[in-house]
Amino acid sequence: MTHEMTVNGVRRSVGADAETSLLHVLREDLGLKGPRFGCGAGLCGACFVLLDGHPTPSCDTPLWAAEGKDVVTVEGLGDLDTPHPLQRAFLDEQAGQCGYCLSGILVSAAALLARNPEPDEREVAEALDRNLCRCGAQRRMIRAVMRAAREDRR
Ligand code: FES
Ligand code: FES
């Protein structure tokens, strides 16, 4: 069966079983390798995408639940030529370690800045609470989000 959704601003039509995970569709059918498979159970944040603007685990979201919705992956935030302020700030602060969690963290942070352009550190920590990073880079990530918020206001 064919399912329609918008992915990173482009209308896409995917022929797959309705119960296929959105993560599988994004990675294997649409070639978007940013979202990662971590726990597979909605607990780690590595696969997070924005679904109608909300950070959502794509690993336990079936394709049918994304029907007609707006999906944004890390690739949709920006690219090398036109990076999102968050992508620039994470590089400037060297906030990533292994990088496995970063795709999910960046989309969670983007959702935060979209609804609250001037967060304090506590609000940033809360917004990233569902995204696990085992490398201990959390302090630098919070600094990077604060920096992106500052630079976006200039
Ligand atoms: S892989 Fe989806 S939340 Fe962990
Ligand atoms: S940078 Fe996130 S798990 Fe390592």
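The values are calculated or read from the model by the stated rules, or taken from the named source; none is laboratory data. Everything quoted here is computed from the prediction, not taken from an experiment. Positions of Cβ are backbone-derived with ideal geometry, glycine not excepted, and every protein chain shown enters the neighbour counts. Quick note on the areas: whole protein, heavy atoms, side chains included, nothing else; ligands and nucleic acids left out. Shrake-Rupley method; radii C 1.70, N 1.55, O 1.52, S 1.80 Å.
Scan segment 22-36 for residues that are open to solvent by 30 Å² or more (accessible area, probe 1.4 Å) and in contact with a Pro (Cβ under 7 Å, 6 or more places away or on another chain) and the total you get is 1. With respect to the conditions (1) more than 29 Å from L30 (Cα to Cα); (2) touching a helix residue (DSSP H, G or I) at 6+ places or on another chain (Cβ under 7 Å); (3) surrounded by fewer than 16 Cβ atoms within 10 Å (Cβ to Cβ), G53 lacks only one, and its number is (1). Condition first: of a type in the set (G, A, S) and open to solvent by less than 30 Å² (accessible area, probe 1.4 Å). Now tell me which residues in segment 97-123 satisfy that. Answer for segment 97-123, where residues must be of a type in the set (G, A, S) and open to solvent by less than 30 Å² (accessible area, probe 1.4 Å): G99, S103, G104, S108, A109, A110, A111. For segment 129-149, a residue qualifies if it is of a type in the set (D, E, K, R) and either within 18 Å of the chain's Cα centre (by Cα) or surrounded by 13 or more Cβ atoms within 10 Å (Cβ to Cβ) (or both), and the qualifying residues are D129, R130, R134, R140, R143, R147.
Just one of the listed residues (E75, E126) is in a helix (DSSP H, G or I), in contact (Cβ under 8 Å) with a residue 60 or more places away in the chain and open to solvent by 40 Å² or more (accessible area, probe 1.4 Å), namely E75.
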